[in-house]
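Peer 1: First the structure, then my questions, so here it is.
The values are calculated or read from the model by the stated rules, or taken from the named source; none is laboratory data. Being a predicted model, the structure only gives us computed values, none of them experimental. Cβ coordinates were reconstructed from backbone atoms using ideal geometry, including for glycine residues, and neighbour counts include every protein chain displayed.
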Amino acid sequence: MHSILSSVLITLFAATNVGAQVARDTQADAVKEIGRLIRERLDAYGRADAIAWSRFVADDCLCATSTKAALQREIATRLSNVKNWLGDIVDLEVHVYGDTAVARYRVTEYSELASQRISFQVWRNETHVRRGGVWKLVAGGESEIPQDPAVAKVDPKVYDAYVGQYEYAPGVIDTVIREGNHLLVQVTGQGKEEVFPENETTYFGKQQDWRMIFVKDEQGRVTSVRFRQHGQDFIARKIR
């Protein structure tokens, strides 16, 4: 009796392991397939091949602020002396949930007109759905990664005047710290982050669109900091 039960349990355990392995293999295959389709779609866009590009996109796609039809027209009517393409896919992450997959990756977009070229990096978020055994893009959006300004040459001794705590509201405090030749800021409840000088009083975080601007009074004492984002300021007074 015991040997029969043991055989049944071993069989069930083996079947469970096989099922789990099949599920992992299926997941891995889907992740690989999504990555390949994204690359092929981006390459079709770069070639201005609107027909090939359209094969990867569902007709009802919520393509950021546009539609499949509008984007297809834009690709098809691109002037021959205008080039648009996308570079390597970086930090690709894909999660598959049955017949739905979400993907996130970073990519550099290039535009060239005659000998003039511009480029910028974006994060892209996409949703893909498997229809009739084929993965199609059904939604996508992107956010531009800010380009950092040049780091100004500033004597680290000026950091000493900025060290302290700055209060935006009760319990909401920026703590500014100097560690050797580095200036760091720690927001209440968060970790420390290094900030870099754009000039002697204005500082930025890498790949961030905000600025910290230290404000001095007529005697040259630091009295507050302005956290500037989207052209608007939060002001924190120095409390110690």
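Peer 1: Since ASP155 meets every condition but one in (1) at pLDDT 95 or above; (2) surrounded by 15 or more Cβ atoms within 10 Å (Cβ to Cβ), which condition does it not meet?
Peer 2: Unmet condition: (2).
Peer 1: Scan region 88-110 and report the pairs whose first residue is closer than 13 Å to GLY35 by Cα and whose second residue is surrounded by 15 or more Cβ atoms within 10 Å (Cβ to Cβ) and among the basic types (Lys, Arg), with Cβ atoms within less than 6 Å and a gap of 6+ or a chain change.
Peer 2: VAL90/ARG106; ASP91/ARG106; TYR105/ARG124
This table checks each residue for (1) closer than 14 Å to HIS128 by Cα; (2) modelled with pLDDT of 95 or more; (3) not basic (Lys, Arg).
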| residue | (1), (2), (3) |
| --- | --- |
| GLY46 | no, yes, yes |
| THR65 | no, no, yes |
| ARG73 | no, yes, no |
| ASN84 | no, yes, yes |
| VAL94 | yes, yes, yes |
| VAL102 | yes, yes, yes |
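Peer 1: Taking only region 207-221 into account, find how many residues are of a type in the set (Lys, Arg) and assigned to a strand (DSSP E or B).
Peer 2: 2
Peer 1: State all residues of region 46-71 that are in contact with a Phe, Trp or Tyr (Cβ under 7 Å, 6 or more places away or on another chain) and free of Cβ contacts under 8 Å to residues at least 24 places away in the same chain; if no residue qualifies, say none.
Peer 2: Residue satisfying the conditions is TRP53 alone.
Peer 1: On to the next question. Give me a count of the residues in region 183-215 that are in contact (Cβ under 8 Å) with a residue 24 or more places away in the chain and in contact with a helix residue (DSSP H, G or I) (Cβ under 9 Å, 6 or more places away or on another chain).
Peer 2: Final tally of qualifying residues: 4.
Peer 1: Also, I was wondering about something else. Tally up the residues in region 120-172 that are in contact with a Gly (Cβ under 8 Å, 6 or more places away or on another chain) and without any contact (Cβ under 8 Å) to a residue 24 or more places away in the chain, please.
Peer 2: Here the count works out to 2.
Peer 1: Identify all residues within region 220-236 that are closer than 17 Å to TYR159 by Cα and either among the polar types (S, T, N, Q) or loosely packed, with under 14 Cβ neighbours inside 10 Å (or both); write none if there are none.
Peer 2: GLY220, ARG221, THR223, SER224
Peer 1: Let me ask something additional. Limited to region 201-219, what total is found for residues that are more than 20 Å from PRO146 (Cβ to Cβ), surrounded by 12 or more Cβ atoms within 10 Å (Cβ to Cβ) and not basic (Lys, Arg)?
Peer 2: Selection size over region 201-219: 2.
Peer 1: Further question: Can you find even one residue in region 191-199 that is surrounded by 12 or more Cβ atoms within 10 Å (Cβ to Cβ) and in a loop (DSSP other than H, G, I, E, B)?
Peer 2: yes
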